[in-house]
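Here the structure comes first, spelled out in structure tokens, and everything after it is commentary.
The values are calculated or read from the model by the stated rules, or taken from the named source; none is laboratory data. These figures come from a predicted structure and were not determined experimentally. Just so you know, the surface numbers come from the protein's heavy atoms only, side chains and all, with ligands and any DNA or RNA stripped out. Shrake-Rupley method; radii C 1.70, N 1.55, O 1.52, S 1.80 Å.
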Amino acid sequence: QVQLVESGGGLVQPGGSLRLSCAATGSRFIIYDMAWYRQAPGKQRELVAGITGGGRTNYDDSVKGRFAISRDNAKNTVYLQMNSLKPEDTAVYYCSQDRGSLRYWGQGTQVTVSS
């Protein structure tokens, strides 16, 4: 069974930064694609950023140049560095692991951008 535990969310002012972390249990972390999604109130969950097992990254256009996804395979952890945060980035952020026929989710961490 895979468990994903997010941390690092909180309240930040516009223009500020946060770093989210997601620690994964289970074996062979290095081979699985990881991603961060977010869901704002009243909206569908959307992909924010993804990283393959080989380290290739992709981003939603709304966060390009501001967010950076990375992974530390020795620690079974994926990160999301968020800079120049905007009020529209406010959402619950979820970590996800793609195992082909199965996708695992964390419990989510709240990010609120407000003055």
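Summary table
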| quantity | calculated |
| --- | --- |
| Nearest-10 value in Å² for the accessible area of Arg45, using the 1.4 Å probe | 90 Å² |
| Relative contact order [Cα under 8 Å, 6+ residues apart], the chain, whole percent | 36 percent |
| Solvent accessible area, Å² - Thr57, 1.4 Å probe, full protein context | 70 Å² |
| Bins of 5 Å, starting at 0 and running to the largest distance - Cα pair percent for the chain | 2, 13, 25, 26, 19, 10, 5, 1, 0 |
